[in-house]
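Visitor: One structure, as structure tokens, below. Some questions next.
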Amino acid sequence: MAQRLVTGDHAPDFTLTDDAGGTVTLSDLRGGRVIVYFYPAAMTPGCTTQACDFTDSLDALHAAGYEVLAISPDQPAKLARFRAKDHLTIRLLSDPEKAVLEAYGAYGEKTMYGKKVVGVIRSTFVIDPQGLVEHAQYNVKATGHVAKLRRDLAI
């Protein structure tokens, strides 16, 4: 299993392709706070709930100084369909090689329906303006997670 990040760790930098074919580099966002969350697959029920919750909260998060990056192993074309289908406004990033997922400890062994499987571990990280991890949350629930995160961040 990949090493999990903890508060105070340097957030691994990355450059990934978004759903529109552009690139996003985490270090380019230094000086602001960033929420990076990892989800298993676009257009599945739990991932859709979580993405819609982040979209619904995006104005409040931006007003509090947070950018939101959502990362999955899906290809950019699938992410573009996800954005269009569910009217998402968050930034959707593609990590098909799972290198960023692994660097954040968000890919590995997990229990699903009572069985051990290897896959994406639904996880959320809050990165401070210096690029350090402020919060690292693993195995989060799709439903209610954004509301809990907002409470934790006093937003």
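The values are calculated or read from the model by the stated rules, or taken from the named source; none is laboratory data. Given the structure is predicted, the values throughout are model-derived calculations rather than measurements. Heads up, the Cβs are rebuilt from the backbone with ideal geometry, glycines too, and the neighbour counts pull from every protein chain shown.
Visitor: Just the residues that are closer than 20 Å to THR49 by Cβ and buried (at least 19 other Cβ atoms within 10 Å of the Cβ), please, taken from region 107-125.
Guide: VAL120, ILE121, ARG122, SER123, THR124, PHE125, listed by residue number.
Visitor: If you don't mind, there's one more thing I want to ask. Hey, can you tell me all the residues within region 26-47 that are among the polar types (S, T, N, Q) and free of Cβ contacts under 8 Å to residues at least 40 places away in the same chain? Show your work before the answer.
Guide: Initially, region 26-47 is screened for residues among the polar types (S, T, N, Q), giving 27, 44.
Once the filter is applied, which keeps residues that are among the polar types (S, T, N, Q) and free of Cβ contacts under 8 Å to residues at least 40 places away in the same chain, region 26-47 yields only THR44.
Visitor: State the number of residues belonging to region 47-71 that are farther than 12 Å from VAL146 by Cβ and buried (at least 18 other Cβ atoms within 10 Å of the Cβ).
Guide: Step one: list which residues in region 47-71 are farther than 12 Å from VAL146 by Cβ, which gives 47-48, 59, 62-65, 67, 69, 71.
The next check asks that each one be buried (at least 18 other Cβ atoms within 10 Å of the Cβ); those that pass are 47-48, 67, 69, 71.
Looking only at that region, the number is 5.
Visitor: Hey, another quick one. Within region 85-102, take every residue that is hydrophobic (A, V, I, L, M, F, W, C) and farther than 16 Å from ALA11 by Cα and give me the one that is surrounded by the fewest Cβ atoms within 10 Å (Cβ to Cβ).
Guide: The qualifying residue surrounded by the fewest Cβ atoms within 10 Å (Cβ to Cβ) is LEU88.
Visitor: Further question on the same structure: If you take just the helices (runs of 4 or more DSSP H) that sit entirely in region 35-154, which of them hold at least 2 residues that are among the acidic types (Asp, Glu) and farther than 19 Å from THR25 by Cβ? Before the answer, list the steps.
Guide: Numbers: elements: 45-63, 76-86, 99-103, 145-152.
Output list reads 45-63.
Visitor: Moving on to the next point. Filter region 6-27 for residues that are part of a loop (DSSP other than H, G, I, E, B) and aliphatic (A, V, I, L, M); which is farthest from LEU79 (Cα to Cα)? Working first, answer last.
Guide: In the first step, residues of region 6-27 are kept if they are part of a loop (DSSP other than H, G, I, E, B); the result is 6-9, 11-14, 19-22.
Filter once more, keeping what is aliphatic (A, V, I, L, M): 6, 11, 20.
Working: VAL6: 29, ALA11: 24, ALA20: 9 Å.
This residue is VAL6.
Visitor: Got at least one residue in region 89-110 being farther than 18 Å from VAL140 by Cα, more than 15 Å from the chain's Cα centre (by Cα) and at pLDDT 95 or above?
Guide: Yes; the residues of region 89-110 include at least one that is farther than 18 Å from VAL140 by Cα, more than 15 Å from the chain's Cα centre (by Cα) and at pLDDT 95 or above.
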